[in-house]
1. Could you work out how much longer the chain between residue 250 and residue 110 gets when fully extended? Use 0.36 nm per residue separation minus the Cα distance between them, nm to one decimal.
2. Just to confirm my numbers, what's the Cα centroid distance between segment 254-286 and segment 81-141 in Å?
3. Would you mind computing, in nm to one decimal, how far apart the modelled labels at residue 341 and residue 65 are, each placed 7 Å from Cα along Cα→Cβ?
4. Hey, what angle do you get for helix 272-281 against the long axis of the chain, alpha-carbon based, 0 to 90 degrees rounded to 10?
5. To the nearest 0.05, how large is the calculated FRET efficiency for residue 222 and residue 56 if R₀ is 22 Å and r is the Cβ-Cβ distance?
6. How would you rank 90-100, 187-197, highest first, on the average number of other Cβ atoms within 10 Å across their residues?
7. Compute the length gained on full extension between residue 14 and residue 257: take 0.36 nm times their separation in residues and subtract their Cα-Cα distance, giving the result in nm to one decimal.
8. Compute the helix-to-body angle for 87-113: its Cα long axis versus the longest principal axis of the chain, expressed 0 to 90° and rounded to tens.
């Protein structure tokens with residue numbers, strides 16, 4: 001990468017970030033901290049059902065089909081989308097997923113509060129809100145873990161996840177999302193839209209959702225309020241709070257100056273249709289920071305969008321930059337800018 005290329009490219013990246021884009025954060029942003037990915041969850045699901053098979057014959061057949069597909073190296077999401085899970089199987093999977101992710105999430109939380117771990121997302125959020133008391137930073141995520149909340153809580157901003165701020169929180173949405181941020185003790189507001197739910201959200205037998213921060217086990221008569229992969233995913237998206245969140249996110253995408261995607265592979269139909277529609281029709285800017293240039297990014301962004309920059313690994317110790325405004329790919333062999341802790345140096 002020549003000095004001229006670097007100056008030109010970094011200036012374009014800075015322009016996108018400084019225009020306060022909507023942040024879209026996927027599971028790739030959490031995996032470096034030990035949060036289980038789809039492969040780990042698939043292994044756990046197979047092990048749990050092998051140890052304790054389901055009760056009904058219909059559920060047993062469902063599990064056998066799922067395990068068979070996973071054994072054939074089909075990805076967890078594709079495998080679950082190809083079958084119709086029974087309620088028994090779906091509820092078991094909810095608990096398996098929660099029990100796999102929650103302990104790792106707790107480890108990150110303890111590292112953060114004991115200052116053993118610094119989340120680079122904190123630096124990005126701080127940059128976006130610094131000296132802008134009325135700044136609202138909007139974050140959209142499909143992740144269940146709370147790493148974004150931990151990072152945001154290390155800033156001076158008010159953090160809004162859509163639930164009331166108490167030990168027993170209820171969903172209140174984002175209609176007045178910047179109201180509390182006006183208090184003098186806060187500098188800006190970070191709004192976190194967790195469209196697939198959160199580890200600290202639970203639904204009781206009456207269908208009421210509540211937020212119980214930092215529980216270490218699932219309470220009796222409750223189940224995690226998260227949307228897992230599978231054919232039931234789209235049915236669950238029609239239920240609140242997910243329906244309200246997805247509707248709010250659609251509005252965010254329409255109003256956004258642009259989008260910064262971190263560790264997001266463009267594999268979720270709740271997010272990318274409207275994001276890409278705005279990017280294509282209105283030529284809004286997309287900045288993608290990711291380890292791998294996935295086939296979805298190639299087919300959905302590079303092939304269709306008009307205004308993008310993609311920052312990704314060169315497969316060694318450097319970075320590749322692919323931009324709609326550059327004729328050729330630009331390579332830096334010295335720095336892993338696709339890692340957020342290094343990417344921050346571009347914008348500071």
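We did not get these values from a lab; they are worked out from the coordinates using the rules stated. A quick note: this is a predicted structure, and the numbers were derived from the prediction, not measured. Please note: Cβ atoms are built from the backbone with ideal geometry, for glycine as well, and neighbour counts cover all protein chains shown.
1. Values: separation 140, 0.36 × 140 = 50.40 nm, distance 3.41 nm.
So the chain would gain 47.0 nm between residue 250 and residue 110.
2. About 20 Å separates the Cα centre of segment 254-286 from the one of segment 81-141.
3. 4.5
4. Long axis of 272-281 versus the principal axis of the chain: about 30 degrees.
5. On the way: r = 22 Å, r/R0 = 1.01.
After rounding to 0.05, the efficiency reads 0.50.
6. Values: 90-100: 18.4, 187-197: 23.3.
Descending packing order for the listed peptides: 187-197, 90-100.
7. Numbers: separation 243, 0.36 × 243 = 87.48 nm, distance 1.34 nm.
This chain segment gains 86.1 nm when fully extended.
8. Compared with the principal axis, the helix lies near 50 degrees.
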